[in-house]
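Below is one structure, written out as structure tokens, with a few remarks after it.
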Amino acid sequence: QVQLVESGGGLVQAGGSLRLSCVASGTILSSNTMGWYRQAPGKQRTLVATLTRDGTTNYADSVKGRFSISRDNAKNTVYLQMNSLKPEDTAVYYCARRLDGTSLILGSWGQGTQVTVSS
């Protein structure tokens, strides 16, 4: 069974930082493109960042220059470093494995981790 568990969310003041973690069991995260997604209250889920097997990263325009996706293969963990946080970053954040060249994910969504940014 593949399980991805997100953690690291919390309440932070605007301008602050958080690091989210996504720990995998039952799969090797470096074998797939990984993505971080978020869903704000009353909004649809959107893609935030991706990381390919060869280390290529891509970011949504709304977070470019502020967020950074990375992984630690030894820990089978993917991270999302979030700096200069804004209230509009408030959302539940999810990680998922992606199929290369598509917007499809493998598996199902987990519980995510809540990020709340106060002004």
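Return the only residue of SER62, SER70 being hydroxyl-bearing (Ser, Thr, Tyr), within 24 Å of GLY10 (Cα to Cα), loosely packed, with under 14 Cβ neighbours inside 10 Å and modelled with pLDDT of 95 or more.
Just one listed residue meets the conditions, SER62.
Against the definition (of a type outside the set (A, V, I, L, M) and either open to solvent by less than 50 Å² (accessible area, probe 1.4 Å) or within 13 Å of the chain's Cα centre (by Cα) (or both)), how does ASP100 come out, yes or no?
Taking the combined requirement at face value, the residue does not satisfy it.
Filtering segment 77-110 down to residues that are at pLDDT below 95 and among the polar types (S, T, N, Q), which residue is nearest to PRO41 (Cα to Cα)?
SER108
Of all residues in segment 24-59, count the ones that are open to solvent by 30 Å² or more (accessible area, probe 1.4 Å), among the hydrophobic types (A, V, I, L, M, F, W, C) and at pLDDT below 95.
Of the residues in that region, 1 qualify.
Is one or more of the residues making up segment 57-80 free of Cβ contacts under 8 Å to residues at least 60 places away in the same chain, in contact with a helix residue (DSSP H, G or I) (Cβ under 6 Å, 6 or more places away or on another chain) and part of a loop (DSSP other than H, G, I, E, B)?
Yes: one or more hits.
Taking only segment 7-56 into account, find how many residues are under 19 Å from PRO87 (Cα atoms) and part of a loop (DSSP other than H, G, I, E, B).
Of the residues in that region, 12 qualify.
Is there any pair with a first residue in segment 3-31 that is within 18 Å of GLY112 (Cβ to Cβ) and a second that is at pLDDT 95 or above and aromatic (Phe, Trp, Tyr) whose Cβ atoms are under 7 Å apart and which are 6 or more apart or on different chains, and what are they?
GLU6/TYR93; GLU6/TYR94; GLY9/TYR93; ARG19/TYR79; LEU20/TYR79; LEU20/TYR93; SER21/TYR79
Considering (1) in contact with a Cys (Cβ under 8 Å, 6 or more places away or on another chain); (2) more than 17 Å from TYR94 (Cβ to Cβ), say which one LYS64 fails and leave the rest.
So the condition that LYS64 fails would be (1).
The values are calculated or read from the model by the stated rules, or taken from the named source; none is laboratory data. Keep in mind it's a predicted model, so treat the numbers as computed, not measured. Note: ideal-geometry Cβ built from the backbone for every residue, glycine included; neighbour counts use all protein chains shown. Note: areas computed on protein heavy atoms with side chains; ligands, DNA, RNA excluded. Shrake-Rupley method; radii C 1.70, N 1.55, O 1.52, S 1.80 Å.
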